[in-house]
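Okay, structure first, notes after.
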Amino acid sequence: MTAQLNPRGDVAVLVPAAGAGVRLGPGAPKALRLLAGEPLLMHAVRRIAAAPSVHTIVVAAPATEVEAVRAMLAHVAPVTVVPGGAERQASVAAALAAVPAGPEIVLVHDAARALTPPHLVESVAAAVRDGHDAVIPVLPVVDTIKEVDATERVLGTVDRSALRAVQTPQGFRRPVLVAAHRSAADALTDDAGLVEKQGIAVTCVPGSELALKITRPFDLALAEHLLTTGA
Ligand code: CTP
Ligand code: MG
């Protein structure tokens, strides 16, 4: 069944989904790889569409797959599909350019975080609505972290209490994200990084273990297991 988005919602969600998935190994572009019989992108979009504040979803698809992705997602939710770029940042910029007038909160969410629960979309959006310019979901770092040199010799132990692992969706007041992309010089893998470079404060909210990024084969196996246990 196709979900309806909220015409009175104030949130646009950009979904970069144009990556190859090199670290997952040979096969289709990552967003189209199957997880429990459905492409990762379908899982991701279904959960975004279930968040009540979402007005618009824009997917940046692999350039050769735009029509196929459009057809596939027509059964999930009303989405706009644009061709992505060679770097994640270019894919996000292409999706951002396709957001219609209206939503004043823009979230950027990796298709690869296919099991992200709708409540995380809502909590990031709520923090932007509450007055924060830029909001990222984070988890504490659990492993001990060492700094090493080029020969793998340990230089020191980093104080992990001051470190956070960053997830998506990352949320922004719309003009803040537009300005950050307009003045972006280097390609970064994270939109909050562009905003930080503008000198704008970025605020953390609690992330979710279900928002793990499916990067390597182990992550895909873990996601399959999580789905069988109700994620
Ligand atoms: N992405 C994108 N356009 C790119 C590169 C990445 O839209 N040119 C998207 C991916 O589709 C993914 C998200 O950005 O949803 C996070 O990227 P990552 O996990 O690195 O995915 P891939 O780049 O596909 O994987 P890899 O780096 O292993 O090739
Ligand atoms: Mg990548």
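The values are calculated or read from the model by the stated rules, or taken from the named source; none is laboratory data. Model, not experiment: these values are computed from the prediction. Please note: Cβ atoms are built from the backbone with ideal geometry, for glycine as well, and neighbour counts cover all protein chains shown.
Points worth noting:
- Cross-chain or 6+ apart pairs with Cβ under 6 Å, the stretch 72-88 first and without any contact (Cβ under 8 Å) to a residue 12 or more places away in the chain, then part of a loop (DSSP other than H, G, I, E, B) and crowded, with 18+ Cβ neighbours inside 10 Å: none
- Ala60 meets all of the listed conditions (1) more than 23 Å from Thr2 (Cβ to Cβ); (2) within 16 Å of ligand 2 (Cβ to nearest atom) but one, namely (1).
- Condition check for Val81: part of a strand (DSSP E or B), under 24 Å from Ala134 (Cα atoms) and either touching a Lys or Arg at 6+ places or on another chain (Cβ under 7 Å) or hydrophobic (A, V, I, L, M, F, W, C) (or both): no
- Wholly enclosed strands (runs of 3 or more DSSP E) of the stretch 131-202 bearing at least 2 residues more than 16 Å from ligand 2 (Cβ to nearest atom), in contact with a Cys (Cβ under 7 Å, 6 or more places away or on another chain) and in contact (Cβ under 8 Å) with a residue 24 or more places away in the chain: 134-140
- Test: residue in the stretch 112-129 that is assigned to a strand (DSSP E or B), at pLDDT 95 or above, surrounded by fewer than 24 Cβ atoms within 10 Å (Cβ to Cβ) and at negative phi: no
- Residues (in contact (Cβ under 8 Å) with a residue 40 or more places away in the chain, at positive phi and within 16 Å of ligand 2 (Cβ to nearest atom)) located in the stretch 22-49: Gly25
Conditions (1) part of a loop (DSSP other than H, G, I, E, B); (2) buried (at least 21 other Cβ atoms within 10 Å of the Cβ); (3) in contact with a strand residue (DSSP E or B) (Cβ under 9 Å, 6 or more places away or on another chain); (4) among the hydrophobic types (A, V, I, L, M, F, W, C), marked per residue:
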residue: Val15; (1), (2), (3), (4): no, yes, yes, yes
residue: Ala31; (1), (2), (3), (4): no, yes, yes, yes
residue: Ile48; (1), (2), (3), (4): no, yes, yes, yes
residue: Ala68; (1), (2), (3), (4): no, no, yes, yes
residue: His75; (1), (2), (3), (4): yes, no, no, no
residue: Gly85; (1), (2), (3), (4): yes, no, yes, no
residue: Ala90; (1), (2), (3), (4): no, no, yes, yes
residue: Ala95; (1), (2), (3), (4): no, yes, yes, yes
residue: Ala98; (1), (2), (3), (4): yes, no, yes, yes
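- If the condition is being out of contact with any Leu (no Cβ under 9 Å at 6 or more places or on another chain), free of Cβ contacts under 8 Å to residues at least 40 places away in the same chain and either under 22 Å from Phe172 (Cβ atoms) or not hydroxyl-bearing (Ser, Thr, Tyr) (or both), then the stretch 203-231 contributes Phe218, Ala221, His225, Gly230.
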